[in-house]
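S.K.: Before anything else, here's the structure in question.
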Amino acid sequence: MYTTFLTIHSWLRWVALILAVCATVNAYLDRSGSLERLPGKWWDTLFMLALDLQVLLGLALYFGLSPFTTEGMNDLGAAMRNPALRFWTVEHILAMVGAAVLVRVGRVMAMTATSTAARRRRRLISFALCTAVMVAGIPWPGLANGRPLFRIW
């Protein structure tokens, strides 16, 4: 079960990253003058959905399936001294939950803005920050905690 969840989580990261870039670009390019509805809402919605699924799978891995986080939580002091274990126990989850919070807060702030320019700016800033946090929190190959770009069972 661990391998299945990890494989789905690994592949879904690409969907989430692509949608993050698309939502960010859409927020940048948005030039509509209407305040009645939030332009580009489908990009935003798909991005949030993919990120929510990613976080859900990640939490299942974090709190039950991953041997790395189980080991790290059993001895947090030792995990903090081991860079790879610290990444999985603390850094990765904080980055990804932080990204999920950033996208939600940014979307709500954009929806409550009083001008189109403020909506666009708030979406752009929150989506760009979220994308940067996601990229920083991914275990890229070549790092001490690296994983393959495309996991195959």
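Every number here is computed from the coordinates shown, using simple stated rules; none is lab data. This one's a predicted model, so the numbers in the text were calculated from it and none came from an experiment. Here the Cβ is made from the backbone with ideal geometry for all residues, glycine too, and neighbour counts use every protein chain on show.
S.K.: Report the calculated FRET efficiency for A136 and T114 (r = Cβ-Cβ distance, R0 = 22 Å), to the nearest 0.05.
M.R.: With a Förster radius of 22 Å, E is 0.10.
S.K.: I've got another one for you. Can you give the angle from 0 to 90° between the axis of helix 116-137 and the longest principal axis of the chain, with both taken from C-alpha atoms, to the nearest 10?
M.R.: That works out to roughly 10 degrees.
S.K.: Compute the acute angle (0 to 90°) between the alpha-carbon long axis of helix 41-60 and the principal axis of greatest extent of the alpha-carbon atoms of the chain; round to the nearest 10°.
M.R.: Tilt relative to the chain: about 20 degrees.
S.K.: Work out the FRET efficiency for L56 and L143 from their Cβ-Cβ distance, taking R0 = 22 Å, and round it to the nearest 0.05.
M.R.: 0.35
S.K.: Which net charge results when you count Lys and Arg as +1 and Asp and Glu as -1 among the other residues whose beta-carbon is under 13 Å from that of S10?
M.R.: Details: positive: R13, R147, R151; negative: none.
Net charge around S10: +3.
S.K.: Computed over the Cα atoms, what is the radius of gyration of the chain divided by 2.2 N^0.38 Å, N being its residue count?
M.R.: Details: Rg = 17.2 Å, N = 153, 2.2 N^0.38 = 14.9 Å.
Ratio of Cα Rg to 2.2 N^0.38 Å: 1.16.
S.K.: Quick one: helix 2-29 against the long Cα principal axis of the chain, what's the angle to the nearest 10°, folded into 0 to 90?
M.R.: 20
S.K.: For the chain, what does -39500 (n - 2.57) per DSSP helix run (n ≥ 4), summed and divided by total residues, give at 222 nm, in deg cm²/dmol to the nearest 500?
M.R.: -23000 deg cm²/dmol
S.K.: What is the dipole size for region 2-137, taken about its Cα centre, with +1 at each Lys and Arg Cβ and -1 at each Asp and Glu Cβ, in debye to the nearest 20?
M.R.: The calculation lands at about 600 debye.
S.K.: Have a look at A84, T114, V101 and report the one farthest towards the positive end of the charge dipole of region 2-137, computed about the Cα centre with Cβ charges (Lys/Arg +1, Asp/Glu -1).
M.R.: Going by the Cα projections, it comes out as T114.
S.K.: In addition: Pop out the ³J(HN,Hα) list for region 101-114 in order, Karplus 6.51 cos²θ - 1.76 cosθ + 1.60 with θ = phi - 60°, rounded to Hz; leave Gly and Pro as x.
M.R.: With coefficients 6.51, -1.76 and 1.60, one gets 5, 4, 5, 5, 5, x, 5, 5, 4, 5, 5, 9, 5, 8 Hz.
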